[in-house]
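Everything on this sheet refers to the single structure shown next.
The values are calculated or read from the model by the stated rules, or taken from the named source; none is laboratory data. Computed from a predicted structure; not experimentally measured. Cβ placement follows ideal geometry from the backbone for every residue including glycine, while neighbour counts extend to all protein chains displayed. The area values use the complete protein model at the heavy-atom level, side chains included, leaving out ligands, DNA and RNA. Shrake-Rupley method; radii C 1.70, N 1.55, O 1.52, S 1.80 Å.
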Amino acid sequence: MAKIIVVTSGKGGVGKTTSAAAIATGLALRGNKTVVIDFDVGLRNLDLIMGCERRVVYDLVNVIQGEAGLKQAMIRDKRSENLHILPASQTRDKDALTLEGVEKVLMDLSEEFDYIICDSPAGIERGAQLALYFADEAVVVTNPEVSSVRDSDRILGLLSSKSRRAEQNRDPIKEHLLVTRYNPNRVNDGDMLNLDDIREILAIDLVGLIPESEAVLRASNQGVPVIHDDKSDAGQAYADTVSRLMGEDVPLRFQSVQKRGLIARMFGGGGRR
Amino acid sequence: MSLNRDRADTAFTFKGGMLPMTVMELASADPERIRAQLAGKVSQAPAFFQHTPVVLSVEQIDEPHLALERICAVCRAHKLLPVAVRGGSDPVKQSAWALGLGWFPPQESRPRAVETRPVESGLVEASIEADLPVPPTEVAVQAGGRIHRGTVRSGQQISASEGDLVVIGAVNPGAEVLAAGSVHVYGPLRGRALAGIHGDREAGIFCHDLNAELLSVAGTYKRLEDIDPKMLGCSVQVGLKEDQLRISALT
């Protein structure tokens, strides 16, 4: 049985798809058979981040509506053979997804894979609720700003009430906090919430801290998940996150301002520290 | 009728009240079985059987007709005073009234009863200690109230339509906690808290770490802006005094 992990946030633009792509890739690189599903029907992005947009033939909606088989719709990642991508439809709307359809897809995938990563759309409507409904674990992506924290809080409420585990009175979804776009300099200046404030309000376990990094934008535009960039701070932080998701105890990095050497300061250095 | 009518004129006033009542939950309608079990109980806890008023609950019994008169006689013989019947069919209700007893509709949910009811015995085992003069009682009219454990998150609303609400955890921004009675928050209060929602002016709000978006008692409210900044982050009690919301530190 696969472990189903939803990557969600409530608020848009906080790094859900980047994180889903990085986590799925990281899990696959460690030998886990992993599939990452884009639930953002109508605003398909995951295929771009994963660099497979030119190979999309069928999508999740086709599978749910019986127009294509799972095997036809899944795209094998170019860099890791353990990783598959199930893209969303760009032309349909979110109502094309049904609870029964999603359940069937997840059950079928469950037999073959170790991890199923669900990349949730923003918001708290149907698409987001379907993405989280069957989850065993949730990665709640949060930026160090008050609106993001409040939306994450809202999503945590849904995770504990609107999921299958909650409705069947089973063990609750295991919730993990992933703080992204963290900039220690701006935290020190008081522009951003600090990590302790976020943790105090959301009151769930921290699974990772991703520093704000130029590497993320570069990776996203190149269609290579940032975790492949193992020299970058963000890539390393995602690798740590994957380790923690797999149950390893890894110390937290990138929380305080990194001291940069004289040479790095003189020549700039583009986020690769 | 004049509003200013002299109080001395009235022979009585009606008042709502909630009294603790012992409910005798019958699993069998056989008066002889009840008699046998009662006899045993009397020897265990004689102090309990002092004309104690009881409500006979017949919800578990699925028979249209009961020997209600004989059951009452057995009870009275053991110094229990049946005052009312709860549940049962229409004929049961009619015969209760004929016997001068009150009738209550069946209780909708009784999560607690499951734990205290031994399956095999004929009567509910009110675990009476021989040296305990006060019998354990079930409140016949539920006082309401609610305890919520865990964080109340943005968008969630927790309410107690009767009685007090106790939250053991934080109330986050964007969350709302309401109670007909008082609101107690054992954690930071960062959301909205409304006490006395049906107009109870005696209700209050009690919390650690006040950072509430809104505080309201019986409709009188204060927004976060209106709260004295000195009180923020403190453990406080909030109540109505002369139509004003008064926030004072809990010491």
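What the table shows:
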| read-out | value |
| --- | --- |
| Residue satisfying condition, being assigned to a loop (DSSP other than H, G, I, E, B), modelled with pLDDT of 95 or more and either closer than 22 Å to A:Gly51 by Cα or open to solvent by 40 Å² or more (accessible area, probe 1.4 Å) (or both), within set A:Val242, A:Val257, A:Val224 | A:Val224 |
| Scope segment A:193-216; condition without any contact (Cβ under 8 Å) to a residue 24 or more places away in the chain and within 21 Å of the chain's Cα centre (by Cα); matching residues | A:Arg199, A:Ala203 |
| In segment A:104-115, residue nearest to the other protein chains (Cβ to nearest Cβ) [restricted to those that are open to solvent by less than 10 Å² (accessible area, probe 1.4 Å) and either closer than 16 Å to A:Ser163 by Cα or of a type in the set (Phe, Trp, Tyr) (or both)] | A:Leu106 |
| Criterion: in a strand (DSSP E or B), buried (at least 16 other Cβ atoms within 10 Å of the Cβ) and modelled with pLDDT of 85 or more - qualifying residue of B:Val55, B:Val23 | B:Val55 |
| Test result for A:Glu53, touching a residue at least 12 places away in the same chain (Cβ under 8 Å), among the acidic types (Asp, Glu), touching a helix residue (DSSP H, G or I) at 6+ places or on another chain (Cβ under 6 Å) and over 22 Å from A:Thr180 (Cβ atoms) | yes |
| Among residues of segment B:60-108, those that are touching a Pro at 6+ places or on another chain (Cβ under 6 Å) and assigned to a helix (DSSP H, G or I), counted | 6 |
| Filter result for A:Gly10 (modelled with pLDDT under 95 and either in contact with a Gly (Cβ under 6 Å, 6 or more places away or on another chain) or open to solvent by 20 Å² or more (accessible area, probe 1.4 Å) (or both)) | no |
| Flag if B:Ser182 is more than 14 Å from every other protein chain (Cβ to nearest Cβ), buried (at least 22 other Cβ atoms within 10 Å of the Cβ) and polar (S, T, N, Q) | yes |
| Verdict on A:Asp153 being crowded, with 21+ Cβ neighbours inside 10 Å and either under 19 Å from the mean Cα position of the chain (by Cα) or more than 12 Å from chain B (Cβ to nearest Cβ) (or both) | yes |
| Meets criteria (closer than 30 Å to B:Ile158 by Cα, more than 14 Å from every other protein chain (Cβ to nearest Cβ) and either under 16 Å from the mean Cα position of the chain (by Cα) or surrounded by fewer than 19 Cβ atoms within 10 Å (Cβ to Cβ) (or both)) for A:Asp136 | yes |
| A:Ile124 within 14 Å of another protein chain (Cβ to nearest Cβ), crowded, with 17+ Cβ neighbours inside 10 Å and of a type in the set (Val, Ile, Thr) | yes |
| Residue within segment A:172-192 that is touching a residue at least 40 places away in the same chain (Cβ under 8 Å), away from chain B (no Cβ under 14 Å), in contact with a Phe, Trp or Tyr (Cβ under 8 Å, 6 or more places away or on another chain) and hydrophobic (A, V, I, L, M, F, W, C) present | yes |
| Close pairs (8 angstrom Cβ cut-off, 6 or more residues apart or separate chains): part of a helix (DSSP H, G or I) in segment A:95-108, among the charged types (D, E, K, R) and at pLDDT below 95 anywhere | A:Asp95/A:Arg126 |
| Residues that are open to solvent by 10 Å² or more (accessible area, probe 1.4 Å) and within 14 Å of another protein chain (Cβ to nearest Cβ), drawn from segment B:188-199 | B:Pro188, B:Arg190, B:Arg192 |
| Selection from segment B:62-74 of residues that are touching a residue at least 12 places away in the same chain (Cβ under 8 Å) and either touching a Cys at 6+ places or on another chain (Cβ under 7 Å) or surrounded by fewer than 18 Cβ atoms within 10 Å (Cβ to Cβ) (or both) | B:Glu63, B:Pro64, B:His65, B:Ala67, B:Glu69, B:Arg70, B:Ala73 |
| Those residues of segment A:139-150 which are within 13 Å of chain B (Cβ to nearest Cβ) and within 13 Å of the chain's Cα centre (by Cα), in sequence order | A:Val140, A:Thr142 |
| Output for segment A:25-39, where each listed residue is assigned to a loop (DSSP other than H, G, I, E, B) and open to solvent by less than 30 Å² (accessible area, probe 1.4 Å) | A:Asn32, A:Phe39 |
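Conditions tested, residue by residue: (1) open to solvent by less than 20 Å² (accessible area, probe 1.4 Å); (2) closer than 21 Å to A:Lys162 by Cα; (3) within 14 Å of chain A (Cβ to nearest Cβ); (4) in a loop (DSSP other than H, G, I, E, B).
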{"site": "B:His148", "(1), (2), (3), (4)": "no, yes, yes, no"}
{"site": "B:Gly155", "(1), (2), (3), (4)": "no, yes, yes, yes"}
{"site": "B:Gly163", "(1), (2), (3), (4)": "no, no, no, yes"}
{"site": "B:Val166", "(1), (2), (3), (4)": "no, no, no, no"}
{"site": "B:Pro173", "(1), (2), (3), (4)": "no, yes, yes, yes"}
{"site": "B:Leu178", "(1), (2), (3), (4)": "no, no, no, no"}
{"site": "B:Glu202", "(1), (2), (3), (4)": "no, no, no, yes"}
